[in-house]
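Shown next, in structure tokens, is the structure this report addresses.
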Amino acid sequence: MNMKQRYHPSQILLHAVIGLLIVLTFAFGKYVAGLPLSPAKFQLISYHKWGGMLVLLLVVLRIVLRLLKGAPPLPATMSPLARLAAHAAHLALYVLMLAVPLSGWLMSSAYGFPVVLFGVLPLPDLIAANPALAEQLGEVHELLNRLLLITVILHVLAALKHHFIDRDGLLQRMSLRR
Amino acid sequence: MKALLISAGLLLASPVFAQNVDLGKSQLVFTMKQMGVPVSGSFKKFAAKVSFDPAKAEQGSADISIDMNSISLPTADANAEARKKDWFNTAQFAQARFVSSSIKPLGGNRYQVSGKLTLKGITRELSAPFTATAQGKAVSIDGSLPISRLAFRIGEGSWSDTGTVADTVDLRFRLVVANP
């Protein structure tokens, strides 16, 4: 396989880092949401927000790289329907990877809690404090997360199908191994 | 105690200076920091007896009672937590009170008020600079001061860790007082 059939190494690295961050941030968020108020909750919420903002930043970088470097072609054996599904799922992932952290940021602003990255870099409030809107944004954040979870599961299942059933070498597009 | 009596005496002895505080325009706002994140809240209900004439600042006095149950924070969780024993313990300490002992002119429209703040049953001397600005027929008294929350045992137990919630809380006050 030549290099044109792989993503650029920077894209491959970002895929791994963002994937890991999403899993960690998702798990933190899920855990924290059910905790009673405590100093530990304040800390974990901060970590969750930092993780989300980092994902947002890296996804923007990744979209820029995607536009600059493009993507390697899909295996010729894939049916038009499978190609359509792949493109739709990837588009959904990009949209959700932007929408989930943005909805969290909006929600934090609406609650009157600014986001301060790593405890030192204050980010601007996206909207003014509004408790009723904050509650609604909380539900939007949760809904978007469910959609992201479903899409990620489909993404992983599709990758496993390509690797173990189709055996078409698709995963090598996202691998640094030769 | 003497200062308290003097200021109370001043209030009684000089009804000429007794002024009305416009509670609708006045506010008590505070900002704390948790994990470096500034979080603001306020006390919605308070009563203030303020006697202040910029020309005779030394004769002025202030007696402010704050309804601790009127605390307002960004979330319902935080509002409930703030009333609990570790924080303001509003069941036992429903009121906080500030009674001035002296007001000194600092030049221009700036002044310094000193007095005693009683919060959660603990009384401490405080001093804060403020400005007095004419607003039509009223005077707006604006000031701020940093307060150590731990000095008043605000946030006990696990909350006393200042790595999560900082010790210093910035208090800002605005009292709009009608001119005599």
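The table below lists the values:
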{"read-out": "Angstrom value of the Kirkwood radius, inverse mean 1/r, which spans all Cα pairs in the stretch B:139-180", "value": "12.1"}
{"read-out": "Total formal charge among the other residues, if their Cβ is under 13 angstrom from that of A:Leu149, Lys/Arg +1 and Asp/Glu -1", "value": "+1"}
{"read-out": "Calculated [θ] (222 nm, deg cm²/dmol) that DSSP helices of n ≥ 4 give over chain B, each run adding -39,500 (n - 2.57)", "value": "-3500 deg cm²/dmol"}
{"read-out": "Crossing angle, helix B:2-13 versus chain B [Cα axis fit, 0-90 degrees, rounded to tens]", "value": "50"}
{"read-out": "For chain A, built as a Gaussian network whose Cα springs stay under 10 Å, the top-fluctuating residue of A:Gly119, A:Gly138, A:Gly70", "value": "A:Gly119"}
{"read-out": "Top of A:Gly104, A:Gly51, A:Gly34 by mean-square fluctuation, Gaussian network on chain A, Cα under 10 Å", "value": "A:Gly34"}
{"read-out": "Under 12 Å, Cβ to Cβ, from A:Thr77 - net charge with Lys/Arg +1 and Asp/Glu -1", "value": "0"}
{"read-out": "Compactness of the stretch B:25-180, expressed as Rg and Dmax over alpha-carbon positions, Å", "value": "16.0, 49"}
{"read-out": "Dipole in debye (nearest 20) - the protein assembly as shown, about Cα centre, beta carbon charges: Lys, Arg +1; Asp, Glu -1", "value": "820"}
{"read-out": "For chain A, projected area of the alpha-carbon convex hull averaged over all directions, nm²", "value": "11.7"}
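A short reminder: the numbers here are calculations on the coordinates, not readings from a lab. Model, not experiment: these values are computed from the prediction. Note that each Cβ is placed from the backbone with ideal geometry, even for glycine, and that neighbours are counted across all protein chains shown.
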